[in-house]
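Structure, as C-alpha cells:
Readers should treat all values here as calculations from the given coordinates under stated rules, not as data from a laboratory. Keep in mind that this is a model prediction, so the values were computed, not measured. As a convention, Cβ positions derive from the backbone with ideal geometry for all residues, glycine included, and neighbour counts pool all protein chains shown.
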Amino acid sequence: MDEDWHRQTIRRHGWALQAVLSDGDSPSFVYSVGLTGFRHPELILFATSQATAATVLNELGELVRGGRVLAAGERVALRSGDVHLLEFPGAEHWLHVVEDLYGVPGGEPVRALLVVPVDELVPTPGRDRPCGSCS
C-alpha cells in the first residue's frame, strides 16, 4: 500500500485502515487514517486480528462520520463488543501514515484514541496479511 492507495480510499470511504504486524518488540495493531479529516482523533487497536480490528474501527468510524465525537474515557457499545477509549499520547510515533498525510512540520502532533476492548470482541473471520507500507 502506498500514499495514493490511502488517499483514494479516504476519498471513497472517508478513512482507510493501516495494519502493522508484530516485529517481536511490539504487538500487531491496526489504526485509522483519515478521521483527522473529520477533525477527529485517529483510532488505534492493538493485539487483535486485522479483520476484527477492521470491524471495530470501521464501526467507530461510522459513528464519527455520523457526527459523533468520541472522547477519552468513554465506553462505546458496538455490535462487535464494548470498548473503552483512552488518550494515546505519542501517537505520532505509531501512526506513520497519518503523520505522512496530515502532519505539519513543527505543528501539533497527530491525535489518537486507544481502543481497548471491555471483554472479548466478536471475532471477524479473516487472515492477517503482510503490511506493504509499514515502517
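I want the local charge near residue 3. Using Cβ-Cβ distances under 12 Å, sum +1 for each Lys or Arg and -1 for each Asp or Glu among the other residues.
Once all neighbours under 12 Å are counted, the net charge is -3.
Over all directions, the average projected area of the alpha-carbon convex hull for the range 35-93 comes to how many nm²?
The Cα convex hull of the range 35-93, projected and averaged over all directions, gives 4.3 nm².
Pick from 111, 12, 65: which is most flexible by mean-square fluctuation in a GNM of the chain where alpha carbon atoms under 10 Å apart are linked?
12
Once amide H atoms are built 1.01 Å from N in the peptide plane, which residues 5 or more positions from residue 74, or in another chain, come under 5 Å H to H?
Hits under the 5 Å cutoff: 85.
Evaluate Rg over Rh across the range 63-122, taking Cα atoms for both radii and Kirkwood's formula for Rh.
1.04
Under a Cβ-only charge scheme (Lys and Arg +1, Asp and Glu -1), can you give me the dipole magnitude of the range 3-117 about the Cα centre, in debye to the nearest 20?
The calculation lands at about 540 debye.
Using a Gaussian network model of the chain whose springs link C-alpha atoms within less than 10 Å, name the residue from 38, 46, 88 with the highest mean-square fluctuation.
38
Given the convex hull of the Cα atoms of the range 3-117, what is a quarter of its surface area in nm²?
Over all viewing directions, the range 3-117 projects a mean Cα-hull area of 7.1 nm².
Between residue 13 and residue 116, take the C-beta separation as r, use R0 = 35 Å, and let me know the FRET efficiency to the nearest 0.05.
0.90
Which of 96, 13, 84 moves most in a GNM of the chain, Cα contacts under 10 Å?
Most flexible of the set in this elastic network: 13.
What number comes out for the charge environment of residue 76, summing +1 per Lys or Arg and -1 per Asp or Glu over other residues with Cβ under 14 Å away?
-2
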